[in-house]
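One structure is given here, and the rest of the page talks about it.
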Amino acid sequence: MKKIIALTLLAVASFSTLKADDENISNFTSDKYAYLSLGGTANFVSIPGLSQLTIAPCIGGGFRAQSGHNGLDLSVQARYVFDHFRIKGNSSYLYYFNPNLQDQLYCGIGAGIDTDVEMKGALLLTPELSIGKQFVTDAGRRRFWNVQFSPCAVSRYGRVITFSEVIVKYGFGF
């Protein structure tokens, strides 16, 4: 677990040293908006006596804010995984490689809290890595594609669980 966190922080630190040309950023880029997202999730769990992969639809919503290269994404996703209704809240730092509200790539690092609605008290803390593309359509609407990866989970008792998750979502800003 410590190696995963250390490698994640190293990757974000190396991306943060990348700088866009001054002529590509004609003015300071700042934006904030709420969004709804639709997508899918693939989950793999491996614990003694159980190894299972499931794919399920995912719906969510959130809020994004950007100031230059730096951004924040706060979101909630609902999905039906392993025959249970699950809700996951995320908070992620986003780094925009070339800030431009019309079309920009980003990567992110953060944490999530995952809960099983049917099993009261079943909380998992998950590290989050994400990469995506944010853009504005010809009609002037904000949109984004995002791939979010959680390599493992930590139970509320401190046990590391092999519970990997990939969420692919398309966001509609308003």
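Here, each number is a calculation from the coordinates, and none is a lab measurement. Just so you know, these numbers come straight off a predicted model, no measurement behind them. In this analysis, Cβ positions are derived from the backbone assuming ideal geometry, glycine residues included, and neighbour counts consider all displayed protein chains.
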Starting from the Cα of residue 143, step 7 Å along the direction of its Cβ; do the same at residue 174; then give the gap between the two resulting points in nm. 1.7 nm
Please list, in order along the stretch 146-152, the HN-Hα scalar couplings obtained from phi with the Karplus expression 6.51 cos²θ - 1.76 cosθ + 1.60 (θ = phi - 60°), rounded to whole Hz, x for Gly and Pro. 9, 10, 10, 10, 10, x, 7
Along the stretch 96-109, what does the Karplus equation 6.51 cos²θ - 1.76 cosθ + 1.60 (θ = phi - 60°) give for ³J(HN,Hα), rounded to whole Hz, x for Gly and Pro? 8, 5, 9, x, 6, 4, 6, 6, 8, 9, 8, 10, x, 9
Tell me which residues come under 5 Å, amide H to amide H, from residue 59 once H is placed; ignore anything under 5 positions away on its chain. 78
Pairs of Cα atoms farther than 15 Å apart, the stretch 40-117, %: 64 percent
